Amino acid sequence: MSGPTYKFLLEGWEKRSVWGFDEDTDTYWADLWLNEDSDSDTPTSRIRDVPTPMTELYSMLLNLTNADPEHLDQLMEESMR
C-alpha cells in the first residue's frame, strides 16, 4: 500500500496496530491487533478498501472497539501529527 501509515493509539490496541490511506486505491485501511494478540502475524481485525471520507473508517473502528467517540477522534488526530 502506498500512502501514509499511522499508529492506532487506542488503549488495548496500541502495541502494534496501524491504519492509513492507500493513495493507489484512494481508500482507507487498518490492521488491528489487540495487545494480547500482538505477537501474532495475523491481525485481530483487518479492514480494507474503505472509501472516503474518513468518517467511514472512523465508524468501523468505533463499532469494532466500542471506544468513546470523542476519545477515538482525539487519538486519531494525535496519531496524524
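The values are calculated or read from the model by the stated rules, or taken from the named source; none is laboratory data. Just so we're clear, the structure is a prediction, and the values are computed from it rather than from any experiment. Neighbour counts run over all protein chains shown; Cβ positions are idealised from the backbone, glycine included. Each accessible area value is taken on the protein alone, full model and side chains, heavy atoms only, with ligands, DNA and RNA left out. Shrake-Rupley method; radii C 1.70, N 1.55, O 1.52, S 1.80 Å.
Observations, loosely collected:
- Number of residues in the stretch 38-81 that are acidic (Asp, Glu) and over 15 Å from GLU11 (Cβ atoms): the value is 5.
- Yes/no for ASP37 being free of Cβ contacts under 8 Å to residues at least 40 places away in the same chain and farther than 17 Å from TYR6 by Cβ: yes
- At least 1 residues being loosely packed, with under 12 Cβ neighbours inside 10 Å is the threshold, and among the strands (runs of 3 or more DSSP E) wholly inside the stretch 10-81 those reaching it are 45-51.
- The lone exception for MET1 - which of (1) outside any helix (DSSP H, G or I); (2) open to solvent by less than 60 Å² (accessible area, probe 1.4 Å); (3) of a type in the set (A, V, I, L, M, F, W, C) it fails: (2)
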